[in-house]
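Asks: Let me give you the structure first, and then I'll get to my questions.
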Amino acid sequence: MFGEGILKGLAETARNFLGSYVSKNRLTTVQYPEERLPQIEAYRNFPFLVYDGEDWQQGLRCVSCFICEKECPPKCIFIEKSTDKKPDAVGKPQFYPKAFNIDVSVCMSCQICVEVCPFDAIKMDTYYELSSTNRFSGLLWDKKHLAKSNEHYHKIHPTEAAAVDAQLAAERAKTAAKAKAAAETKSAATATAPTTPPVPTATEK
């Protein structure tokens, strides 16, 4: 039938229009910015750096391995590695990024940096109100701007964050068990080692 598609489209429009008076699910617009639609958990925008604890500088998970910088397709990540080490959130000495910059004007939100990071240090944020009056420095984010807490990560991606925390906790427990076993082995070896008798002096002979 000629025009059947037009009639179907008009019927769908009428159904949504009339249904919007009785069902909120039929509303196709919201009164932004006073009203916002809830973000789905899989939504992603630009990367951020995860830190544990209260101190963002000490708690950064990033150890400057450069994998994300090398794998980034548009080459928008720049990392400068520290020459010294400092304790991380669990007290283990680690290298840290002296500088970590992302040019979000180039970033294409592909999430490859997240997928290749072996330390779960970089994740995708959901924040989208990013307009800036400065097209250069306003879109070049440093590590202070990028650093966000693990609590923020749990808030925007709860399922993924819980899985990451469980994995990290298992790895820490495994490392602690190995260290404890090594210490017990060393202590047992010291306790069972034969003692060397003292060498008699000339006056004792």
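No lab work stands behind these numbers, since they all come straight from the coordinates. Quick caveat, the model's predicted, so the values are computed rather than measured. Using ideal geometry, Cβ is built from the backbone for each residue, glycine included, and neighbour counts are taken over all protein chains shown.
Asks: When the chain is fully extended, how far beyond the present Cα-Cα distance does residue 178 get from residue 8, taking 0.36 nm per residue of separation?
Replies: Stretched fully, the residue 178-residue 8 segment lengthens by 54.5 nm.
Asks: Between residue 154 and residue 20, what is the label-point separation in nm under the 7 Å Cα-to-beta-carbon projection?
Replies: Roughly 3.9 nm, to one decimal.
Asks: Further question on the same structure: Suppose R0 equals 30 Å; then what is the FRET efficiency for residue 109 and residue 57 from their Cβ-Cβ distance, rounded to the nearest 0.05? All intermediate terms of the calculation are to be shown ahead of the outcome.
Replies: On the way: r = 26 Å, r/R0 = 0.87.
Plugging the Cβ-Cβ distance into 1/(1 + (r/R0)^6) gives 0.70.
Asks: For region 47-164, I need the span (max minus min coordinate) of the C-alpha atoms along each principal axis, in Å, sorted largest to smallest.
Replies: 40, 35, 25
Asks: With semi-axes √(5λ) of the Cα gyration tensor in Å defined as stated, name the option among (1) 57, 23, 15; (2) 63, 17, 11; (3) 27, 22, 12 computed from the structure displayed.
Replies: Computing semi-axes √(5λ) of the Cα gyration tensor in Å and matching it to (1) 57, 23, 15; (2) 63, 17, 11; (3) 27, 22, 12 gives (1).
Asks: Work out how far the C-alpha atoms of region 145-191 reach from end to end along every principal axis, then list the three figures in whole Å, largest first.
Replies: 52, 24, 10
Asks: Then there is this: Mind telling me which of 84, 103, 120 comes out most flexible in a GNM of the chain, alpha-carbon contacts under 10 Å?
Replies: Fluctuation is largest for 84.
Asks: Could you tell me the calculated FRET efficiency between residue 83 and residue 187, based on Cβ-Cβ distance and R0 = 35 angstrom, to the nearest 0.05?
Replies: Efficiency, from the Cβ-Cβ distance: 0.45.
Asks: Within 10 Å, count the other beta carbons around each residue, average over each peptide in 133-140, 106-113, and list them highest first.
Replies: 106-113, 133-140
Asks: About the Cα centre of the chain, what is the dipole size in debye to 20, counting +1 per Lys and Arg Cβ and -1 per Asp and Glu Cβ, all else neutral?
Replies: 340
Asks: For the chain, modelled as a GNM with alpha-carbon contacts under 10 angstrom, which of 34, 69, 129 fluctuates the most?
Replies: The residue with the greatest mean-square fluctuation here is 34.
Asks: Continuing with the same structure: Mind telling me which of 118, 33, 73 comes out most flexible in a GNM of the chain, alpha-carbon contacts under 10 Å?
Replies: 33
Asks: Follow-up question, since we're still on this one. Using Cα atoms only, what is the angle between the long axis of helix 158-192 and the major principal axis of the chain, expressed in degrees (0 to 90) to the nearest 10?
Replies: Computed tilt is about 0 degrees.
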